[in-house]
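To keep things clear, I will list the structure first and then write my remarks on it.
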Amino acid sequence: MPGYEFWSDAERKEVNDVLETGILMRYGFDGPRKGIWKSKELEEAICQTFGSKHAQLVSSGTAALTTAMGALGIGYGDEVILPSFTFVASFEAVLSVGAVPVFVDVDDTLTLNPEAVRNAITSKTKCVMPVHMCGSMADLDALLSICKEHNLVLLEDACQSIGGTYKGKKLGTIGDAGTFSFDFVKTITCAEGGAVMTNRDDVYISSDGYSDHGHDHRGVDRGADLHPFIGYNFRISELHAAVGLAQIKKLDTFLSLQKKNHAALKNILSAIPEISFRRIPDEAGDSCTFLSWFLPTEEATRAVIAEMKAQNILAGNFYWYDNNWHYIRKWDHLKNSVTLNALHPDLKAAVIHHAAKDFSVSDAIMGRCISTAIGLLWTDEQLKAKGEHMANVIRKVLSAEKQMA
Ligand SMILES: *Cc1c(COP(=O)(O)O)cnc(C)c1O
């Protein structure tokens with residue numbers, strides 16, 4: 001999955017360019033920076049690589065989501081529909097702009113169930129936020145048509161699916177805006193970083209200002225910039241952007257290795273008839289960071305996880321259902337709306353209401369799902385050994401279950 005597996009002289013060279021001048025900030029200092037503009041260069045590379053009209057780099061994927069929401073005008077009184085299976089950052093961003101996160105069930109794509117989205121729409125709904133989890137995409141045609149019908153904005157959280165596509169278009173460039181994360185474990189890393197992508201000029205201009213204290217960036221003197229609205233500091237540094245610039249040049253290599261290793265592992269597990277795989281709305285567009293698969297029951301899935309642990313091959317296999325970060329079942333801080341600063345009482349009540357709903361439809365899917373992270377550095381032999389070891393564990397558990405029945 002992650003680009004950190006390929007740390008090399010290329011990243012060191014880009015970082016050194018910045019260390020030579022000592023201009024670590026992305027704006028200003030035009031003379032002393034001697035033509036080194038890593039953040040600008042990376043933004044241009046993002047536009048080129050992903051076919052987005054605009055890209056705004058920021059300090060994290062969470063900051064990218066917050067910036068996009070600000071730029072899309074999402075705030076007080078608005079509801080944002082998002083999936084029960086996502087990373088906590090998705091709802092943190094919704095709360096940070098004062099909007100209400102409305103969670104709905106996922107289906108066997110591990111992303112938003114379009115019917116559940118439809119059922120959750122109210123007069124307050126402003127935005128649908130699909131999260132392209134674990135390398136692969138939501139059913140974007142269905143979601144786009146819902147958004148069109150109800151006049152909603154579509155914000156893609158593509159933080160985990162850099163390089164994935166849907167019907168030929170890059171994930172993150174299809175909605176009104178889309179976001180990437182470049183944190184340390186993402187497909188491309190900057191150590192920390194993120195991007196807002198958009199084809200809308202208004203959303204880009206707002207993102208650019210919002211992420212830098214509202215500066216309009218019209219002049220050459222930062223002190224003389226106007227501030228048409230209030231912003232924050234979500235700036236990326238030149239050192240971080242430099243790392244990303246080296247990494248983005250390797251994206252094709254990362255993706256082709258992921259696809260190759262993913263196909264080989266899937267082939268091995270396919271020999272077990274009880275295993276089914278995540279439904280992918282556009283198979284060709286899977287970025288293949290993970291192979292996500294299902295067992296027939298939650299009991300069998302738990303038994304496989306326990307046996308993997310016993311045989312010391314659990315590393316890289318994720319049972320999200322029990323995980324504190326990615327699935328709503330364990331988000332007690334959200335369900336109780338525990339915040340350090342007081343929320344408006346109406347918002348607090350709405351957060352608790354929407355987080356405490358019934359997610360048994362999602363439970364029935366997530367309780368049977370295991371995602372295996374795809375390594376970039378696996379040799380063919382290692383991959384085969386790993387796959388067969390996994391398959392043996394699964395067969396052992398399934399046959400023990402049959403004997404019990
Ligand atoms: C990683 C991630 C984020 C947040 O990114 P950070 O850069 O870690 O803030 C948001 N959404 C999803 C789905 C992620 O996986």
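The values are calculated or read from the model by the stated rules, or taken from the named source; none is laboratory data. Everything numeric in this text was worked out from a predicted model, so none of it was measured. Here the Cβ positions follow ideal geometry from the backbone for every residue, glycine too, while neighbour counts run over all protein chains shown. Heavy atoms of the whole protein, side chains included, go into the accessibility calculation; ligands, DNA and RNA do not. Shrake-Rupley method; radii C 1.70, N 1.55, O 1.52, S 1.80 Å.
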Among the residues that make up the range 154-162, is at least one of them more than 11 Å from the ligand (Cβ to nearest atom), open to solvent by 10 Å² or more (accessible area, probe 1.4 Å) and touching a strand residue (DSSP E or B) at 6+ places or on another chain (Cβ under 6 Å)? no
Only one of (1) closer than 26 Å to Val185 by Cβ; (2) open to solvent by 60 Å² or more (accessible area, probe 1.4 Å); (3) in a helix (DSSP H, G or I) does not apply to Val304, and that is (2)
In the set Val102, Val106, the lone residue that is surrounded by 24 or more Cβ atoms within 10 Å (Cβ to Cβ) and away from the ligand (no atom under 16 Å from the Cβ) is Val102
Could you list, in sequence order, all residues of the range 277-301 that are open to solvent by 10 Å² or more (accessible area, probe 1.4 Å), of a type in the set (A, V, I, L, M) and part of a helix (DSSP H, G or I)? Ala284
The correct count of residues that are outside any loop (DSSP other than H, G, I, E, B) and in contact with a helix residue (DSSP H, G or I) (Cβ under 6 Å, 6 or more places away or on another chain) in the range 342-379 is 3
Give the range 179-196 a look and list any residue that's within 18 Å of Lys40 (Cα to Cα) and open to solvent by less than 10 Å² (accessible area, probe 1.4 Å), or say none. Thr179, Phe180, Ser181, Phe182, Ile188, Thr189, Cys190, Gly193, Gly194, Ala195, Val196
Please specify each residue of the range 127-146 satisfying the condition of being more than 21 Å from Phe87 (Cα to Cα) and open to solvent by 10 Å² or more (accessible area, probe 1.4 Å). Asp141, Ala142, Leu144, Ser145
Only one residue in Ala68, Ala63, Ala55 is touching a residue at least 60 places away in the same chain (Cβ under 8 Å) and not in a helix (DSSP H, G or I). Which one? Ala55
